[in-house]
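Q: Dropping a structure here in structure tokens format, bear with me for questions.
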Amino acid sequence: MKPYRWIRWVAVTGIVMLLTSGCSILGTKEHSQSIDPPPTGAGADAGAVKAVTGSIIQNPSSITVYAKDNNGFIAPVGLTVEKSLEVAKKALESMVEDGASAGQMPTGFTPVIPKGTIVKGINILKDQKLAVVDFSKSFTDYNVQDERKILEAITWTLTGFPSVEKVQLRVEGKALKEMPQGGTPLDEPLTRALGINIEKPEGVEYGQSTPVTIYFLGQNHDNYKYYVPVTRMVKRTDNIAKAVIEQLIAGPDQKKGLAAVMTPGSELKKIQKAENLITVDFSEKVLGPDKKAPAEALNAVVLSLTENSGSATKVQITVNGEAKVTTSENQSYSKPVSRPLNINQIKL
């Protein structure tokens, strides 16, 4: 995205308020190791049971949609739905308030597409990797403070499918040039360059910054833990991968309700990119007392690096140059790991 487009999006969609107030689409991405929700403690099973309706799904398919959590963050939720050729449509229908996902979301999560909205159709232009979505009139009936969250959730849900990189919105067949409540410009298709849960630390100016998206941990009242993407503005840099790891080590703004993923004192020794692989080397300080790395730390490294890398789809993690890395859950990272198909999957 061109810098002026980024600044325009941020300015028009109320980022100042955020800073002061706290077609076939059934293809799959290669994955060598799935990333489930992190360990959740004794109350986890109860929270997971509440997240589903109990109905039997005869022909199950997993999708990742984005919803608003208890802290106001837009976060991924892996749902199980009936397999369908219209899986993208089903995903958006699951994001309508009081709609198809009622009773399936984890405690504290709420869909963001306005109540009563009908997804009238999705046209996937495969040659352009563009999804054209047509909503009913009810889509325009929302609170202005939710405008950006709605756009983030829709964009990140649809661009999670391999055949979609851009999203265009329509209402009753007519293209939206701007959002009706807050005036967010929609004269160009939406992409993940829009960002998600944007943060701008003090001392960083939009015109002199680079956005990086990193994953931290959220937790609901049932002790269910989940990964939350945050787009943080950092001082302008060409070494995106290094900035990603540095920001993961720096950790989240804990006043906003997120938890760090990296072991305190973690150090990056080296990072390099070659074709579709990023290799990241840490010092032994990334390991715990048991000489194993926290599972959520390595999961977040894979999610964050592949989110920002462009062409790189795999991550090799080493410690002092050695690839014999094991997590606290006894998962081996001795080989390169690919980004998972689904994030924060709710288990039935």
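Q: Taking only the range 80-103 into account, find how many residues are in contact with a strand residue (DSSP E or B) (Cβ under 7 Å, 6 or more places away or on another chain), hydrophobic (A, V, I, L, M, F, W, C) and at pLDDT below 90.
A: 1
Q: Then there is this: Is it fair to say THR231 is of a type in the set (Val, Ile, Thr), within 22 Å of ALA193 (Cα to Cα) and in a loop (DSSP other than H, G, I, E, B)?
A: Judged against the criteria, THR231 is not a match.
Q: Could you look through the range 238-274, keep only residues that are surrounded by fewer than 16 Cβ atoms within 10 Å (Cβ to Cβ) and in contact with a Ser or Thr (Cβ under 6 Å, 6 or more places away or on another chain), and pick out the one that is modelled with the lowest pLDDT?
A: Per the stated criteria, the residue is GLN272.
Q: Still on this model: In the range 186-207, what residues are loosely packed, with under 12 Cβ neighbours inside 10 Å and touching a helix residue (DSSP H, G or I) at 6+ places or on another chain (Cβ under 9 Å)?
A: Scanning the range 186-207 gives a single hit, GLY207.
Q: Next question, about the same structure. So, of the residues in the range 307-344 that are in contact with a Ser or Thr (Cβ under 7 Å, 6 or more places away or on another chain), under 27 Å from GLY160 (Cα atoms) and among the aliphatic types (A, V, I, L, M), which turns out to be most open to solvent (accessible area, probe 1.4 Å)?
A: If we take residues in the range 307-344 being in contact with a Ser or Thr (Cβ under 7 Å, 6 or more places away or on another chain), under 27 Å from GLY160 (Cα atoms) and among the aliphatic types (A, V, I, L, M), then LEU341 is most open to solvent (accessible area, probe 1.4 Å).
Q: Identify the single condition in (1) open to solvent by 30 Å² or more (accessible area, probe 1.4 Å); (2) modelled with pLDDT of 95 or more; (3) on the phi > 0 side of the Ramachandran plot that GLY183 does not satisfy, given that it satisfies every other one.
A: Against the list (1) open to solvent by 30 Å² or more (accessible area, probe 1.4 Å); (2) modelled with pLDDT of 95 or more; (3) on the phi > 0 side of the Ramachandran plot, GLY183 comes up short only on (1).
Q: Here's a follow-up. Looking for whichever is surrounded by fewer than 16 Cβ atoms within 10 Å (Cβ to Cβ) and polar (S, T, N, Q) here; the options are GLN128, GLN104. Which one fits?
A: After applying the criteria, what remains is GLN128.
Q: Residues in the range 133-162 that are open to solvent by 20 Å² or more (accessible area, probe 1.4 Å), within 23 Å of ILE343 (Cα to Cα) and small (Gly, Ala, Ser): how many?
A: Looking only at that region, the number is 1.
The values are calculated or read from the model by the stated rules, or taken from the named source; none is laboratory data. None of these values were measured; they are calculated from a predicted model. Counting neighbours? That spans all protein chains shown, and the Cβs are built from the backbone with ideal geometry, glycine included. Areas reflect the complete protein model, heavy atoms only, side chains present, ligands, DNA and RNA absent. Shrake-Rupley method; radii C 1.70, N 1.55, O 1.52, S 1.80 Å.
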